[in-house]
Amino acid sequence: MLHIAYIGNGKSVNRYHAPFVLTRPDAWHIQTIYDRHVNTPKWPHLEGVHYTDQLEDIWQDDRIDLVVVSTGVDSHFEYGMQALKHGKNVLIEKPMTRTYQEAKMLFDTAKRKGLFVQCYQNRRFDADYLTTLKVIESGKLGEIYEVDMHFDYYRPEVPQNAMHTPPYHSFLYGHGCHTIDQVIAYWGKPQHIHYDVQCLCGTDHMNDYFDVDLYYPGLKVSVKSSYFRIKPRPSFVVYGKRGMFIKEKKDRQEEHLKLFYMPGQPDFGLDRPEDYGTLTYVDDKGIYHEEKVISEQGDYARIYDGIEASLLHQTEKLIKDEETLTLMEILETGIKQQREGGLSDD
């Protein structure tokens with residue numbers, strides 16, 4: 001049994017962490033949750049959990065095996081470093097830090113102390129992403145030469161009301177940390193990148209649109225997102241030399257969580273037939289096929305399965321340090337291109 005302390009008691013903990021940990025009662029126990037407003041909580045308290053507004057309750061508790069930093073990105077580095085200095089293993093919400101250098105300092109400190117620190121990249125276990133990888137690896141599309149990924153909203157009020165925001169509160173940081181990480185996880189570090197990061201509401205507002213093209217040998221992966229898409233584009237479109245695959249709908253875990261339909265239900269997060277992607281290809285005999293692809297099942301708890309294996313059995317981290325550093329470098333560079341007002345290759 002591994003014991004967890006959460007720093008933060010907001011949406012992240014109560015929607016994207018705790019519900020999944022509770023599906024692994026033989027492996028994990030939530031020991032403590034730190035909440036600065038412990039007497040006026042916005043979320044119901046979990047049974048059997050110690051809630052506190054004193055960080056020392058975490059630092060001085062030798063039973064705690066993992067501290068999860070689930071606050072705003074402004075404080076990720078500070079809390080992460082404090083936890084490491086108190087000899088705690090650490091999991092940090094995404095984006096991991098404000099800068100590449102802060103992330104590197106955390107990794108370097110953890111290595112010196114023989115501790116575990118990792119970023120919480122749960123979107124690697126989205127159903128749409130896992131299904132797309134399954135199709136690519138089936139070989140039915142032949143050699144893949146282009147992938148389009150989209151994460152769209154129609155929430156114009158968000159950028160319209162966000163004035164003079166720091167880079168780490170930008171749209172690119174907040175949403176690129178999901179999708180760009182998925183690219184890095186599967187294809188690795190790109191050879192070069194083209195950035196188009198814009199402020200459609202004007203330069204005094206947060207960036208509200210990005211189109212980042214990541215280039216690999218024989219392959220271009222485009223990650224696009226906007227607050228102004230009244231109808232969202234497909235989640236994934238994959239083009240191969242023998243066909244294409246379209247996954248229109250996104251993973252449904254978040255949809256269910258917002259409805260307080262929680263993990264552990266038999267159909268939690270499962271795609272329906274109308275959510276399945278469409279695979280179109282020509283086989284070795286020249287025969288045309290068009291078929292639905294049953295979706296893989298997403299499960300954010302698999303992040304915690306990986307941490308358990310790393311802490312107890314010293315297995316390799318699911319999210320490697322160099323992958324997180326690559327992501328931070330891309331986010332920082334993209335914001336720099338936007339802030340300078342130009343389109344550029346890197």
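For (1) over 22 Å from the mean Cα position of the chain (by Cα); (2) assigned to a loop (DSSP other than H, G, I, E, B); (3) at negative phi; (4) of a type in the set (S, T, N, Q), each residue gets a yes or a no:
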residue	(1), (2), (3), (4)
ASN14	no, no, yes, yes
HIS17	no, no, yes, no
THR23	no, yes, yes, yes
HIS29	yes, no, yes, no
ASP57	yes, no, yes, no
GLU78	no, no, yes, no
LEU91	no, no, yes, no
Hey, LYS140 basic (Lys, Arg), over 30 Å from LEU311 (Cα atoms) and outside any strand (DSSP E or B) or not = yes
Selection status of VAL67, crowded, with 23+ Cβ neighbours inside 10 Å and either under 18 Å from ALA18 (Cβ atoms) or within 18 Å of the chain's Cα centre (by Cα) (or both) = yes
Residues of segment 199-221 that turn out to be in contact (Cβ under 8 Å) with a residue 40 or more places away in the chain and surrounded by fewer than 17 Cβ atoms within 10 Å (Cβ to Cβ), as a count | 6
Only listed residue being among the charged types (D, E, K, R) and under 22 Å from ALA127 (Cβ atoms), chosen from ASP152, ASP208 = ASP152
Starting from segment 99-111, keep only residues that are under 19 Å from GLN314 (Cβ atoms), then list their pairs with residues that are at pLDDT 95 or above and among the aromatic types (Phe, Trp, Tyr) whose Cβ atoms are within a distance under 9 Å, requiring at least 6 positions of separation or different chains.
-> ALA110/PHE116
Determine which member of the set ASP267, ASP299 is of a type in the set (Asp, Glu), surrounded by fewer than 16 Cβ atoms within 10 Å (Cβ to Cβ) and part of a loop (DSSP other than H, G, I, E, B).
-> ASP267
State all residues of segment 93-133 that are crowded, with 18+ Cβ neighbours inside 10 Å, in a helix (DSSP H, G or I) and of a type in the set (S, T, N, Q); if no residue qualifies, say none.
-> ASN122, THR131, THR132
Strands (runs of 3 or more DSSP E) (entirely within segment 166-248) containing at least 3 residues that are at pLDDT 95 or above, under 13 Å from LEU331 (Cα atoms) and among the acidic types (Asp, Glu) | none
Kindly list the number of the only condition in (1) surrounded by 18 or more Cβ atoms within 10 Å (Cβ to Cβ); (2) outside the structural domain of TYR129 (by TED's automatic domain parsing); (3) more than 24 Å from GLU146 (Cα to Cα) that fails for ARG252.
-> (2)
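The values are calculated or read from the model by the stated rules, or taken from the named source; none is laboratory data. Every value quoted in this text rests on a predicted model; they were computed, and no experiment measured them. A quick note on method: Cβ atoms are made from the backbone with ideal geometry, for glycine too, and the neighbour counts reach across all protein chains shown.
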